[in-house]
Structures are given as structure tokens and as C-alpha cells.
Amino acid sequence: MEKQLTTVGVVGGGQLAWMMAQEAPRLGLKLAVQTPEETDPAVALADKVVLAAIADGEGTKALAEHCGVITFENEFVDLPSLEKLAEQGVTFYPQLDSLAPLLDKWEQRHFLQNLGVPVPDFWALESLPSQLPAFPWVLKARRHGYDGQGTQIINSPADLPDLSQASPGSWMVESFVPYERELAVLGARNAKGEMEIYPVVETRQIDQVCRWVVAPAPIDAAIAATAQDYCRRILNHLDYVGILAIEFFLLPESSQTNTPAQRLLINELAPRTHNSGHFSLDACHTSQFALQLQAVTGQTLGSSALHCGQAVMVNLLGYEVSAGDYQPQLAEIAALPHSHVHWYGKGECRPGRKLGHVTLLNPNVASKPSTAWAKALVEQVEDIWYPAPT
């Protein structure tokens, strides 16, 4: 079968691929997805669906029959099987050499350290120093962790789980970072080396799941510029094609941390579209999903600039086991001024699951970014969405 160069393949069929599928027709593109379940969100919008597990190389081989380039919705891939397909002429963006140092968090830390960008202190669980780092620690699964899964705060040796059955090299330890706030930035790069970097955002995590995002972050301009510079350096060093998300810790200012470079630590990289960039669908000239498609198909990148003064994105998380559609709450949230609701259509609701999000805009482009403005809207949305405590 002749490959359709106007069709992009996506390994993954969740909400990120679903939002990519919404943007594809506007760019003259079609989407094919590889995903394990017929009920996954992107299945309803994709032009072609291959039902297969994310790490199923044979599934990806079948996906390649329907598209000219393949990109990714998540990092749960089997790199060796993809490398075999690349040797047979399948095009992946980001390129597999760009992905290789990012899929394992311990290897990712070494990559960043060697690049000269700051990260928290870290150790492989099997090679902790004889002089143990002070508690608390952060215990992390090196692969397949997301939304707080595979991450645990360790306050004493008694908190360590039983890892006797774990595979060697599957866990790492980091020093706990007493940060002031968490930040994130997304950047896109195409094969020509053209880049677009989004405004730096503030993110708020509760129980290690993102609850809301404010764009732009109300921070010093020098800190924002430093974060965006790190993003450019990493994109160029990896010869990266596509969207890359970077999560940061911002340290409190002190005598030891009095410059932007001293106050920023990179927490994690995600080689894909990311929850911290959902605001871009409604607040920016070009969304992260459109930029991803433009980058991997060689199109000129659109502008990542905001077209409003500020935006806040609030995740609508499951709080019960239910098959409900929550239409009354969604209608009330949609009625808020300058509100844009995105409901992912997942059939099963369970506590902590990302079911949708809402972005609310401040249309006054001259207004100064304010955390207070955002928090007031977050409270308004969450009062509607979550049931009152009993």
C-alpha cells in the first residue's frame, strides 16, 4: 500500500491524540492511531485505527502502512522494535535517537547533567552512596510513571516499599526539593531547526497530579527567559523534531540561589504534547497539538504567542467510580465568562482520572499576570465540579 504523506500516525489514542485529531483537518492532515482499546478517545476522530498495545512493534508496523510519519502520545514504547522499523524506512518524529536518552528517568537525568543544566541530586536505587542522602527522598520508577504513579515520598527507611521482586535498574532515588513553585515550558522544533517556545507557565500539583495551570506564570522575566533558553538548548542538542515539555522546580530566593540559573532545577522532560500546554488550544495563536503536527510534517511553525492577557487551565478529575457524563456540571462551567470546556468522552470515570479540562481566559491583553486572578477562577470551577464534603 502506498503511504499517505498527508496522514500522521500516532502511537497512542488517549486525550492527547484526540486533541491532535481535532487540529489535523485544519492543517490538511489526517490521523491514524495505534491504541489498545476501541473506547479510547482518539478512536472516534481518527481516520484509521490499529488496535494494538502501545509497545507492540507489530502494531506500529501496521500503523506505518497508513501514514508517512509516526509520532507519539506517550513514552511507553518499545524502542528496540521501533529501531527495527526505522531500519526498514519508517520515519519517526521525534527521531528515535532523540527519544533514547529521555525514556528512562535515570538516563534522562544523566543526559541533562552532561548538558550542563541543573537537576536534583539523584542515584540509582542499587548504588546509593555509603553516606546516605538526608530524608526525605523521592522514589521514582525509571519507566512508565505518570500522574504520580511510580512516585513516592520517603520520609524514613520504614517508608521504603518492598522492592525485592523489582527488576534491577527499575527504580531511582532523588533528593526532595523544597521548591517555591512548579513551572513548565513547551517548545516545538521542525527538521529545519525552526523553533517556537510557549510562555512559561505555573503548574499546581495535588497528590502529584496536575490540578491547574496558569499562563503566563507570574514570575520574574529573567527566570522565564532562562527556562525558555534551557528549552532551546535541549531541542537543538537532541536535533529534536516535535513538541517537548519541560517541568521545573523554582527554588526560593536565598543567598545561595540569587540568580535565575541557581533557582531553576529541571524536574522532568516529556517528549510529547503535555497537560501543561492544554491552555494553548484556546489562549494561543497556535496550539501545542497543531505545532506538533506542523513540526513532524515539515510545515512552517505557527505562532506560540498568547492572544489574551492570561489563561488558567483546570483539569476536571474523576472523584468517583461512575459511568456518568456530568452534563449539569459541565454546562455550569461552560457558562462562566470566557470559558472553553474540553470533555474527553472517556467511558469510565474513577478517582484521579483526567476526564476533561476547562480553560478560562482574561481577554485584556494589557493586564498583568496574577496568581490571585487564576486561583479565584480555579476555586469557582472546582466548587462546581467536585461535590461538597459531607
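Side notes on the structure shown:
- One residue from E174, E182 being among the charged types (D, E, K, R), in a strand (DSSP E or B), open to solvent by less than 10 Å² (accessible area, probe 1.4 Å) and more than 22 Å from L291 (Cβ to Cβ): E174
- Selection count, the stretch 350-377, where residues are surrounded by fewer than 18 Cβ atoms within 10 Å (Cβ to Cβ), under 21 Å from D325 (Cα atoms) and either in contact with a Pro (Cβ under 8 Å, 6 or more places away or on another chain) or not basic (K, R) (or both): 2
- Meets criteria (free of Cβ contacts under 8 Å to residues at least 40 places away in the same chain and either exposed (fewer than 12 other Cβ atoms within 10 Å of the Cβ) or not charged (D, E, K, R) (or both)) for S167: yes
- Residue list for the stretch 338-347, filter: modelled with pLDDT of 95 or more, in a loop (DSSP other than H, G, I, E, B) and more than 13 Å from D282 (Cβ to Cβ): Y344
- Residue check, G345 of a type outside the set (A, V, I, L, M) and crowded, with 19+ Cβ neighbours inside 10 Å: no
- Only one of S322, S280 that is open to solvent by 10 Å² or more (accessible area, probe 1.4 Å) and hydroxyl-bearing (S, T, Y): S322
Yes/no per residue for (1) among the charged types (D, E, K, R); (2) open to solvent by 30 Å² or more (accessible area, probe 1.4 Å); (3) out of contact with any Ser or Thr (no Cβ under 7 Å at 6 or more places or on another chain):
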| site | (1), (2), (3) |
| --- | --- |
| L5 | no, yes, yes |
| L16 | no, no, no |
| V50 | no, no, yes |
| A53 | no, yes, yes |
| E87 | yes, yes, yes |
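- Selection from the stretch 60-80 of residues that are among the polar types (S, T, N, Q) and over 24 Å from the mean Cα position of the chain (by Cα): none
- Count of the stretch 99-153 residues which are in a loop (DSSP other than H, G, I, E, B), open to solvent by 50 Å² or more (accessible area, probe 1.4 Å) and of a type in the set (G, A, S): 3
The values are calculated or read from the model by the stated rules, or taken from the named source; none is laboratory data. Please read these numbers as outputs of a predicted model, since none were measured by experiment. Don't worry about glycine lacking a Cβ; one is built from the backbone with ideal geometry, like all the others, and counts go over all protein chains shown. Only protein heavy atoms, including side chains, enter the accessible area calculation; ligands, DNA and RNA are left aside. Shrake-Rupley method; radii C 1.70, N 1.55, O 1.52, S 1.80 Å.
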